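Structure first, commentary second.
The values are calculated or read from the model by the stated rules, or taken from the named source; none is laboratory data. As the structure is a computational prediction, the values presented were derived from the model and not from experiment. Glycine also receives a Cβ, built like all others from the backbone with ideal geometry; neighbour counts cover every protein chain displayed.
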Amino acid sequence: MKNLFSNIKGDAFGGITAGIVALPLALAFGVSSGLGPTAGLYGAIFISFFAALFGGTDTQISGPTAPMTAVSMIVIAGIIATNDGDVNKALPVILTVFLLAGLMQVGLGILGLGKYIRYIPYPVVSGFMTAIGLIIILTQISPSVGYYPNQDIEFVNTFKPKAENVILKSILEEEVEEGILVLEDFKETIKRAEEITEVDILEESKTLAVKETSGALGAVKSLPRALQNINWLELFLTLGTVFIIYGFKRISRVVPSSLVALIVMSGIAYGFKLQYIPIDEIPSGLPIPNLEIFTNFKINSITPYVFTALTLALLGAIDSLLTSVVADNMTKTKHKPNKELVGQGIGNSIAAVFGGIPGAGATIRTVVNINSGGKTKLSGMIAGVLLLLMLLVLGPVASKIPSAVLAGILITVGIGVMDYKGLKAIPSLPKDMKLGPLKLSSEVLIMIIVLLLSTFWDLIYAVGIGLVIASLMFMKKIGDLTAKRSDVKPLKEEAWADEINFPEGLKEEVFIKHIKGPLFFGSTSDFQQLVAQIPDTASTVIIRLGRMQYMDQSGLYAMEDMLQELNKKSIEVLFVGLLDQPKYMMERIDIIPDLIPKEHIFKEFKECLSWIKNNIKNEHKT
């Protein structure tokens, strides 16, 4: 407990700031998910508090995130559709899936699987994150212009014939379950069919209309009608929100621009009594557990969604541990991946019981917390408590927020979450494979496949396919390289033969590191530890690359990060034995010559040694 309260002032300021940043995002993610703003707020409260309390990253702030919300949105829409479009009927099943996902995360942590997350290649992550951004932007176009398919009567009426078929099919299925369906006599069927009203058909038609226009592909289909039925007031509120979010950042970053936009645009809409569309009402009072998860639990209702729950668990694990790495880099600490998964799982499980959407470690909120002084778990717990107080005090006020304002916030989130670093690299990456007559970059191909499949088909299948393709391509490249260098044997980390006579007086100034084998997505984690190994006395680092035959995009950026870190410390880096493929990769993004001048690249160690003797002085003579 002493450690928990060792930085109360900094943690309080960090937690309060992160909580304020989280408020508009929690409401927006809740609306985007399909369960409403309350679900987003509940998720933020419980995940933030319990993931911080039980997690393995001291400064991490958790809650609903863009990737988790994008997947949850698809899960929720699918379960609602199978429950006759009735949210209340579908809710226990939805929350059970979320609870199962949380328990699976706990299991992943207990089994020690957190360390394997690093084996996801950069192009897969890049394509996935860009797809998340596109999904969010596409699905927010209709709300941003005030178009809701279930309120477009002309569009809804086109689904009436299909709605009648769905209702009739439902009647037949009910009779089968009751054991009264008789093919020779449809009297009971006819009787039930005659009881169907126009209202029933209309409601089913609305459900089908929403289903048809859900997800990114549905959003694209509904785009023409949305643009024909623009509500100019809603569009003004959305554009005003986006303008303030980007504009206010130029004035000050002390106050979250999304919060400023939320308050200003909601104030304008409410203050001038504009006829805007508000978000769903947020209930007042303390969150209440949804006990139907347990009282109405049926194994048959949950078995179709076991894989879906695993999907959410794995995505939450990846999302959280990537944020943990960011926190490590900022605080110079080391997170505990398996403990972090247990904490995230507990947070998601408790959030599900109270009706919250699932979440993960949130990068922006974590960075805000660290920059504001947060250092211990207390900061994340304070953020959760602050959100609970906001719910209790500001719940009725928050219910007046325009839907278009949250759509504007989500559009900026979608723009921000896309991986521009990966997209910018597309033209410069080497074209190392042939597809028919075309020469392509294998890493760009993986990124685009994951991007397209994630956006317009299925997020998790897309990641799985991306991983398989990346693994196959990697195995082929390593197989080809191994065939060329079949005499390579494992080497211990010790001085090589040509280093034995290295000047004794320069050993404190010069640090030598050997890179043996390919630098790829599976080895970047160990490589990133290189900076920590360098003694404080070193002014120069020699990196011997004669046995590093191959470097992929993940390795390329790991190398870039390491060189930038050394550059900040004014440590010179020399390359020895740099091979063609890694050299080509580093030239593509200007590591050579921006970070490593060509005069610092040597073919042989003796050339490098000669340079060292002429340029490095012994500053530590005794």
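Condition first: touching a Lys or Arg at 6+ places or on another chain (Cβ under 8 Å) and of a type in the set (Phe, Trp, Tyr). Can you find one or more residues in region 261-270 that meet it?
yes
It is to be established whether one or more residues within region 305-319 are surrounded by 16 or more Cβ atoms within 10 Å (Cβ to Cβ), farther than 17 Å from residue 399 by Cα and in contact with a Ser or Thr (Cβ under 6 Å, 6 or more places away or on another chain).
Taking region 305-319 as the starting set, the residues that turn out to be surrounded by 16 or more Cβ atoms within 10 Å (Cβ to Cβ) are 305, 308-319.
Next, from what is left, pick out any that are farther than 17 Å from residue 399 by Cα: 305, 308-319.
Okay, now just the ones that are also in contact with a Ser or Thr (Cβ under 6 Å, 6 or more places away or on another chain), so 319.
Taking every residue of region 305-319 in turn, at least one turns out to be surrounded by 16 or more Cβ atoms within 10 Å (Cβ to Cβ), farther than 17 Å from residue 399 by Cα and in contact with a Ser or Thr (Cβ under 6 Å, 6 or more places away or on another chain).
State yes or no: is residue 426 surrounded by 15 or more Cβ atoms within 10 Å (Cβ to Cβ) and not in a strand (DSSP E or B)?
Details: surrounded by 15 or more Cβ atoms within 10 Å (Cβ to Cβ): no; not in a strand (DSSP E or B): yes.
No; evaluated as a whole, the condition is false for this residue.
Suppose we filter region 346-391 for residues that are assigned to a helix (DSSP H, G or I) and either of a type outside the set (Ser, Thr, Tyr) or closer than 25 Å to residue 415 by Cα (or both); how many remain?
Within region 346-391, the subset assigned to a helix (DSSP H, G or I) is 346-353, 363-371, 377-391.
Narrowing further to those that are either of a type outside the set (Ser, Thr, Tyr) or closer than 25 Å to residue 415 by Cα (or both): 346-348, 350-353, 363-371, 377-378, 380-391.
The qualifying residues number 30.
Please go through region 18-73 and pick out each residue that is in contact with a Phe, Trp or Tyr (Cβ under 7 Å, 6 or more places away or on another chain) and in a helix (DSSP H, G or I).
First, pick out the residues of region 18-73 that are in contact with a Phe, Trp or Tyr (Cβ under 7 Å, 6 or more places away or on another chain): 40, 42, 46, 64, 69.
Within region 18-73, 40, 42, 46, 69 meet the criteria.
What are the residue pairs meeting all of these: first residue in region 402-430, first residue in the same structural domain as residue 141 (by TED's automatic domain parsing) and of a type in the set (A, V, I, L, M), second residue buried (at least 22 other Cβ atoms within 10 Å of the Cβ) and outside any helix (DSSP H, G or I), Cβ atoms under 7 Å, and 6 or more apart or on different chains?
404/146; 404/276; 406/279; 407/140; 410/140; 411/140
Failed condition for residue 194, given (1) outside the structural domain of residue 70 (by TED's automatic domain parsing); (2) under 31 Å from the mean Cα position of the chain (by Cα); (3) acidic (Asp, Glu), with all others met?
It is condition (2) that residue 194 fails.
When you go through 351, 309, 313 one by one, which is the residue that is modelled with pLDDT of 95 or more, touching a helix residue (DSSP H, G or I) at 6+ places or on another chain (Cβ under 8 Å), within 22 Å of residue 103 (Cβ to Cβ) and of a type in the set (Gly, Ala, Ser)? I'd like the intermediate steps shown before the answer.
Details: 309 fails: modelled with pLDDT of 95 or more; 313 fails: modelled with pLDDT of 95 or more.
Residue meeting the stated conditions: 351.
Counting only residues that are of a type in the set (A, V, I, L, M) and either surrounded by fewer than 24 Cβ atoms within 10 Å (Cβ to Cβ) or over 23 Å from residue 103 (Cα atoms) (or both), how many does region 8-64 have?
Of the residues in that region, 13 qualify.
Looking at region 431-451, which of its residues are part of a helix (DSSP H, G or I) and touching a residue at least 40 places away in the same chain (Cβ under 8 Å)? Lay out the reasoning, then the answer.
Restricting attention to region 431-451, the residues satisfying the condition of being part of a helix (DSSP H, G or I) are 442-451.
Correct list: 443, 444, 446, 447, 448, 449, 450, 451.
Can you tell me how many residues in region 547-565 are surrounded by fewer than 18 Cβ atoms within 10 Å (Cβ to Cβ) and touching a strand residue (DSSP E or B) at 6+ places or on another chain (Cβ under 7 Å)?
Matching residues across region 547-565 total 1.
Sort out which residues of region 392-423 are of a type in the set (Ser, Thr, Tyr), in a helix (DSSP H, G or I) and over 19 Å from the mean Cα position of the chain (by Cα), and write them in order of number.
Initially, region 392-423 is screened for residues of a type in the set (Ser, Thr, Tyr), giving 399, 403, 412, 420.
Retained after the next criterion (residues that are in a helix (DSSP H, G or I)): 403, 412, 420.
403 - this is the single residue of region 392-423 that is of a type in the set (Ser, Thr, Tyr), in a helix (DSSP H, G or I) and over 19 Å from the mean Cα position of the chain (by Cα).
Only helices (runs of 4 or more DSSP H) wholly contained in region 138-227 count here; list those with 3 or more residues that are out of contact with any His (no Cβ under 6 Å at 6 or more places or on another chain), without any contact (Cβ under 8 Å) to a residue 24 or more places away in the chain and of a type outside the set (D, E, K, R). Lay out the reasoning, then the answer.
Values: elements: 141-144, 153-157, 160-178, 187-194, 198-212.
Answer list for region 138-227: 160-178.
Kindly evaluate residue 408 against the criterion of being touching a helix residue (DSSP H, G or I) at 6+ places or on another chain (Cβ under 8 Å) and at pLDDT 80 or above.
Details: touching a helix residue (DSSP H, G or I) at 6+ places or on another chain (Cβ under 8 Å): yes; at pLDDT 80 or above: yes.
In short, yes.
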